[in-house]
Amino acid sequence: MCGGFTCSKNSLLALNILYVVVSFILIGVAAAAKFASIVSSLTLVSGIITCGVFLLLISIVGLVGASKHHQVMLFFYMIVLFIIFIIQFSVACACLAINTNQQKTLADDGWNFSTDDMKSDAQSLFGCCGYKNQSAEHPSCMQVINKTTGKTCCPLAQNETLCCHGDHCECSTCDVAVQDAMQRGFNLVGGVGLFFSFTEFIGVWLTVRYRNQRDPRANPSAFL
């Protein structure tokens with residue numbers, strides 16, 4: 001019988017194994033999105049990473065509690081999983097709801113608070129110089145003479161052909177590239193987080209059902 005004790009137990013065990021996989025997916029996707037934007041702290045993305053870590057830990061509790069039909073562990077698992085669901089659902093919706101102006105503000109603040117090394121990495125990654133003003137940035141993006149070719153070029157470009165055309169440096173600023181990377185990151189993380197948050201709600205429902213079922217092989221007096 002699919003609605004019986006054994007079926008519920010096996011379903012909960014399978015769901016928690018899925019949660020282990022999902023937690024690594026959440027952590028990996030969020031970390032990749034955070035790295036792609038480089039200069040921004042992306043607090044919302046960090047929230048998804050935190051949810052992934054807690055989901056990994058609580059899924060282990062769920063596996064042990066489901067295998068032993070342990071009432072206390074299942075209750076603790078159910079409460080924490082529901083909290084994770086609320087947080088992850090809220091953060092995912094916030095990631096998807098961020099508009100262009102908010103992304104611009106986050107990108108501006110992230111660049112201003114970034115170290116010189118992070119700015120240099122961002123300029124090299126995106127093939128750009130400066131954020132909004134090339135000549136006012138540090139490390140400097142002012143034109144220099146390439147000793148090998150004799151051309152005037154942006155010194156921080158990973159590949160000088162991205163910026164140098166003839167004798168002029170035509171590197172674009174990094175503001176648009178950073179904001180585009182942030183938008184892709186928010187959309188990806190928000191979509192993945194929102195999709196998998198519903199599986200956690202299913203886990204809560206299944207745990208409530210399984211916890212209230214009597215183990216046919218156990219001592220009836222042991223059922224709480």
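The values are calculated or read from the model by the stated rules, or taken from the named source; none is laboratory data. Only a predicted model underlies this, so the values are computations on that prediction, with no experimental measurement involved. Every residue, glycine as well, gets a Cβ built from its backbone with ideal geometry; the counts of neighbours run over all protein chains shown.
Conditions (1) outside any helix (DSSP H, G or I); (2) hydrophobic (A, V, I, L, M, F, W, C); (3) touching a Leu at 6+ places or on another chain (Cβ under 8 Å), marked per residue:
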residue: 51; (1), (2), (3): no, yes, yes
residue: 83; (1), (2), (3): no, yes, no
residue: 93; (1), (2), (3): no, yes, yes
residue: 96; (1), (2), (3): no, yes, yes
residue: 108; (1), (2), (3): no, no, no
residue: 125; (1), (2), (3): no, yes, no
Query raised in the report: Residue check: is residue 192 within 14 Å of residue 91 (Cβ to Cβ), touching a helix residue (DSSP H, G or I) at 6+ places or on another chain (Cβ under 6 Å), at pLDDT 55 or above and not small (Gly, Ala, Ser)?
Result: yes
Requested in this report: Among the residues of segment 66-83, count how many are buried (at least 19 other Cβ atoms within 10 Å of the Cβ) and within 28 Å of the chain's Cα centre (by Cα).
Outcome: 4
Query raised in the report: Looking at segment 145-189, which of its residues are surrounded by fewer than 21 Cβ atoms within 10 Å (Cβ to Cβ), in a helix (DSSP H, G or I) and either modelled with pLDDT under 60 or not β-branched (Val, Ile, Thr) (or both)?
Result: 160, 161, 162, 175, 177, 179, 180, 183, 184, 187, 188
